[in-house]
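Below is one structure; the comments refer to it alone.
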Amino acid sequence: MSVYTLTIDGKDVAGSDGQTIMEVAEENGIDIPGLCHLEGIHDRGACRLCVVEIAGSPKLAAACVTQIAEGMEVTAHSDALLEYRRTITEMLFMERNHVCAVCVANNHCELQDTAEDMGLTHFDLPRISPKADIDASHPLFAIDHNRCILCLRCVRVCDEIEGAHTWDVMHRGLDTRVQTDMGIPWGESPTCTSCGKCVQVCPTGALFEKGRAVARGSKRRRPFLPWMKVVAEERGL
Amino acid sequence: MSRTVVIDPVTRIEGHSKITIQLDDRGEVTDAHFHVTQFRGFERITQGRPVHEMPAIMARICGICPVSHMVASSKAVDDIMAVEPTPTGADLRRVINLGQIVQSNALSFFHLSSPDLLFGFDADPAVRNIVGVARANPQLAKDGIGLRKWGQQIIEWIAGKRIHPEGIVPGGVATPLTAEVRDRILDGVPEAIAAVERAIAWYKSDMLRWEEEAATFGNFRSAFMGLVDRQGNVDHYGGWIRVVDADGKALAERIDPRTFNDYIGEAVEPWSYLKSPYWKAMGYPDGMYRVGPLARLNVAERTGTPRADEELEKFRWRVGRVAGSSFHYHYARLIDTLHAIERIDALLRGPDILDTHVRSYAGINRREGIGVSEAPRGTLMHHYRVDDDGIVQWANLVIATGHNNMAMNRAVLQVARHHVKGEAITEPMLNRVEAVIRCYDPCLSCSTHALGQMALRIQLLAPDGTVLDELAR
Ligand code: SF4
Ligand code: SF4
Ligand code: FES
């Protein structure tokens, strides 16, 4: 396994072949924001919050899915990047209907935390206000599509860790929705094992335990699933 | 030529409204309407949301009494889950609700109404406000501010944030009470009692000055509605709905709050967004009734706490067993506050108040739920329907200002008849119309589900509807 040396924000760092910029940054105490990245499951590059600049490349790269290379010069923090990330965060809000004040996840929400970190104090983009449903047919859990940011953590954890593959994605563009078993109500899913992993990994108020009152967040603070760390190590993720 | 007077911003009350006064050919007042001109459909907003979110959504209807909405809403969700909160959970809800009563009553009496009572209804508005009160009668202002703060602290300490607390949840409350918080609240009781008793003494000594107002400020016969406990005492949280007529005779002794729809109809008038609930047995509009502090005292046998009962006796001796004048809302509000403080004290001294079992859990066990409690301004009813998954399909609220809608109109008419002379809107008339509305302390933002500041416009209308005079402020 070859070792590469590179710089992130001017700092000399090293990592091994196959590691992503995000992982190497993490190991070296450089924090790159991200909402879809989660240790223990494969990266998907869905949210684009982790965009970084690589010297010599005209494009921004998602740090969670870009592997390091020898001599790379990565800029993870700059005013321009902050501006991009702020806009990306704003777009995540605008794409669905987020009313934090009356959301189960209020004060327990990674999207909210990200907005705060980005200094997103108000919205300039037009609201889309799509019509989005709630599926509360499962006896224990519910999904509120109004709060989903399509990070697809639920899809990945259900597939890769639980092995049930209940969750997947349907439709395209603004109509994209996560779905359970080809779009049948969650409560009727023959594959769902009711393990609750999807609820645990969801960064927002989209997936929650039924009966939770507003701001009574449905998940514990991460790190929340110790076994995911073990799995990550075993798989060399 | 007949004319209509429109009073527009009723300053110092929350919400948005307009008053029109209709004159006939001889310039006599024939009718008066209190229009509520703003609307925001909260019932609509809640459709499609999980029912467990309702208490928090409902709390946002109103920044003045969010706790009251959380209480009624949580009770409605309890009903849908078919559970009783644990006894300690219920008691903590009571304490929080009473904290709300204290703070809101204090706001109404001291901050909004005491300037009129102290300086007279025609005093210069530059002086006739809480700042003026603080100069002329510093103790009175200080007592008002202190009481309000104590009530707010109770909410904040037990339920979390004071504006939009999250501690009241379906099934009970979110967190148990600690001994430290209990003791901190209890420490404030003697001063709170002293403050409200000083205000009562002042009010009683000053009462005679306002005989004319008491006689003309919404002084009429009507029924009254409020919650009472098993013994017929005032109950701000639970119990049964009792309704008495103008003579104190019970129209309904003990209505299970869940059946309120069998007894109350809701009329809609074209000139207002605010519905007019009425007592079905008497029809519309004869079935007018009033709610709020005055109604609570009129329907109950006693308050059930010693100091407040002593004052209630004096109250009845002065104004009768069933007080008919809306002016007496002020006096009643003080006694209501005294009772609330005593009740908080008693509840917090209960042996199980620190019990950690404060919440019951259950799923969706009924398709429909009703929650009724006493808000500062009167009986508050939340009624929801959900599907099998607990998603709200339909919601209706009957709020205190709604119950009082017809009575407020009647009161405005009475004041207008007494004070409208000639074709122009005079200051004294304007002041008194505003003041009579303030007796009811209407919280319009919640009653119409509107957001925004109260602004009052008053118009004097001719029989053909032309505006003769108009004043806005
Ligand atoms: S999911 Fe997060 S950001 Fe969205 S409404 Fe809920 S708390 Fe706010
Ligand atoms: S439901 Fe939650 S975990 Fe799944 S895609 Fe949406 S935001 Fe991500
Ligand atoms: S964390 Fe990299 S795209 Fe979401």
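The values are calculated or read from the model by the stated rules, or taken from the named source; none is laboratory data. In this text, all values refer to a predicted model and were calculated from it rather than measured experimentally. Because the Cβ atoms are built from the backbone with ideal geometry, glycine has one as well, and the counts that use them run over all protein chains shown. Note: areas computed on protein heavy atoms with side chains; ligands, DNA, RNA excluded. Shrake-Rupley method; radii C 1.70, N 1.55, O 1.52, S 1.80 Å.
Give the accessible surface of the protein assembly as shown per residue, rounded to a whole number of Å², with probe radius 1.4 Å and ligands, DNA and RNA excluded.
39 Å²
Give me the percent relative contact order of chain B, please, defined on Cα pairs under 8 angstrom at least 6 residues apart.
The value is 32 percent.
State to the nearest 20 debye the size of the charge dipole of chain B about its Cα centre, where the only charges are +1 on K and R beta carbons and -1 on D and E beta carbons.
So the dipole magnitude of chain B works out to roughly 320 debye.
Taking a ≥ b ≥ c as the square roots of the Cα gyration tensor eigenvalues, with a/c under 1.5 meaning rounded and otherwise prolate when a/b beats b/c, else oblate, which class fits the stretch B:109-258?
Taking the square roots of the gyration eigenvalues as a ≥ b ≥ c, the stretch B:109-258 is oblate.
For an R0 of 25 angstrom, estimate the FRET efficiency from the Cβ-Cβ distance between A:His42 and A:Ser16 and round to the nearest 0.05.
The pair A:His42/A:Ser16 has a calculated efficiency of 0.90.
Can you give the Rg/Rh ratio of chain B, where Rg is from the C-alpha atoms and Rh is the Kirkwood radius?
We get a ratio of 0.96 for chain B.
If each DSSP helix of 4+ residues adds -39,500 (n - 2.57) and the sum is divided by the residues in chain B, what number results at 222 nm, nearest 500 deg cm²/dmol?
Result for chain B: -12500 deg cm²/dmol, rounded to the nearest 500.
Let me spell out the model: positive unit charges on the Cβ of Lys and Arg, negative unit charges on the Cβ of Asp and Glu, origin at the Cα centre of the stretch B:221-323. What dipole size does that give, in debye rounded to 20?
Once rounded to the nearest 20, the dipole reads 180 debye.
Along the stretch A:125-136, what does the Karplus equation 6.51 cos²θ - 1.76 cosθ + 1.60 (θ = phi - 60°) give for ³J(HN,Hα), rounded to whole Hz, x for Gly and Pro?
5, x, 6, 8, 6, x, 7, 10, 9, 10, 10, 10
Answer with one residue from B:Asn298, B:Ser276, B:Val244: the one whose Cα lies farthest towards the positive end of the charge dipole of the stretch B:221-323, charges on Cβ with Lys, Arg +1 and Asp, Glu -1.
B:Asn298
For the pairs A:Lys210/B:Lys75; B:Lys142/B:Lys204; B:Lys18/B:Lys421; B:Lys149/B:Lys314; A:Lys11/A:Lys197; B:Lys280/B:Lys314, flag any whose C-alpha to C-alpha distance is greater than 25 Å.
Violating the 25 Å Cα-Cα cut-off are B:Lys149/B:Lys314; A:Lys11/A:Lys197; B:Lys280/B:Lys314.
So for the protein assembly as shown, taking the charge dipole from beta-carbon charges (+1 Lys/Arg, -1 Asp/Glu), which of B:Leu312, B:Gly363, A:Leu92 sits furthest toward the positive end?
Checking the options against the dipole of the protein assembly as shown, the answer is B:Leu312.
If each DSSP helix of 4+ residues adds -39,500 (n - 2.57) and the sum is divided by the residues in chain A, what number results at 222 nm, nearest 500 deg cm²/dmol?
Helix contribution divided over all residues of chain A: -6000 deg cm²/dmol.
Spelling out what I want: for every residue of the stretch B:44-60, take phi, set θ = phi - 60°, compute 6.51 cos²θ - 1.76 cosθ + 1.60 (Karplus), and round to whole Hz; glycine and proline get x.
5, 4, 7, 4, x, 9, x, 5, 5, 7, 4, x, 6, 5, 5, 4, 8
Hey, can you grab everything whose amide H is under 5 Å from the amide H of B:Arg290? Only 5+ residues off in sequence or another chain; H modelled, so Pro and N-termini drop out.
B:Ala223, B:Phe224, B:Met225
Report P(r) for the protein assembly as shown: all Cα-Cα distances, bin width 10 Å, range 0 to the bin holding the largest distance, values in whole percent.
3, 14, 21, 20, 16, 12, 8, 4, 1, 0, 0
Dividing the convex hull volume of the alpha carbon atoms of the stretch A:3-77 by its residue count, what do you get in Å³ per residue?
Roughly 81 Å³ of hull volume per residue.
Can you list the residues of the stretch B:378-400 whose accessible area drops by at least 10 Å² going from the chain on its own to the full set of protein chains, with a 1.4 Å probe?
B:Asp389, B:Ile391
Can you give me the angle between helix A:79-95 and the longest principal axis of chain A, using Cα atoms only, in degrees from 0 to 90, rounded to the nearest 10?
The angle comes out near 10 degrees.
Skipping prolines and chain starts, which residues have an amide H placed within reach, meaning under 5 Å, of the one on A:Phe141, given they are 5 or more residues away or on another chain?
A:Lys210
Enumerate the calculated ³J(HN,Hα) couplings along the stretch B:384-395 in order (Karplus 6.51 cos²θ - 1.76 cosθ + 1.60, θ = phi - 60°), each rounded to whole Hz, writing x wherever the residue is Gly or Pro.
Those phi angles translate into 10, 10, 10, 8, 4, 8, x, 8, 5, 9, 7, 8 Hz.
How would you classify the stretch A:104-234 from its alpha-carbon gyration tensor, with a ≥ b ≥ c the square roots of the eigenvalues: rounded for a/c under 1.5, else prolate if a/b is greater than b/c, otherwise oblate?
oblate
Accessible area drop of at least 10 Å² (1.4 Å probe, protein heavy atoms): which residues of the stretch A:182-214 qualify, relative to the chain alone?
A:Phe208, A:Lys210, A:Gly211, A:Arg212, A:Ala213, A:Val214
Given the options A:Leu207, A:Leu60, A:Leu82, state which has the largest fluctuation in a GNM of chain A using a 10 Å cut-off (strictly under) for Cα springs.
Result: A:Leu60 has the largest fluctuation of those listed.
Measuring from the lowest to the highest alpha carbon on each principal axis, how far does chain A reach, largest first, in angstroms?
Answer, in whole Å and largest first: 52, 44, 31 Å.
Under a plain spin-label model, where a point goes 7 Å from the Cα along Cα-to-Cβ, how far apart in nm are B:Asp25 and B:Glu212?
Distance between label points: 3.2 nm.
Per residue of A:100-110, how many C-beta atoms from partner chains lie within 10 Å of its own C-beta, taken as a mean?
2
On the accessible surface of the stretch A:104-234, probed at 1.4 Å, how many percent belong to carbon and sulfur atoms?
52 percent
Given Cβ point charges of +1 (Lys, Arg) and -1 (Asp, Glu) and nothing else, what value in debye, to the nearest 20, does the dipole of the protein assembly as shown about its Cα centre take?
That gives the protein assembly as shown a dipole magnitude of about 1820 debye.
Would you mind checking which residues have amide H under 5 Å from B:Trp394's amide H? H placed 1.01 Å from N; only 5 or more apart, or other chain.
B:Arg385
Of the options A:Gln19, A:Gly71, A:Pro33, report the single residue whose Cα projects farthest towards the positive end of the charge dipole of the stretch A:3-77 (beta-carbon charges: Lys, Arg +1; Asp, Glu -1).
Going by the charge dipole, the pick is A:Pro33.
Any chance you could give the angle, 0 to 90 degrees and rounded to 10, that helix B:427-440 forms with the longest Cα principal axis of chain B?
Rounded to the nearest ten degrees, it is 20.
At a probe of 1.4 Å, how much accessible area disappears from chains A and B on forming the pair, both sides counted, to the nearest 100 Å²?
Chain pair A/B: roughly 1300 Å² of buried accessible area.
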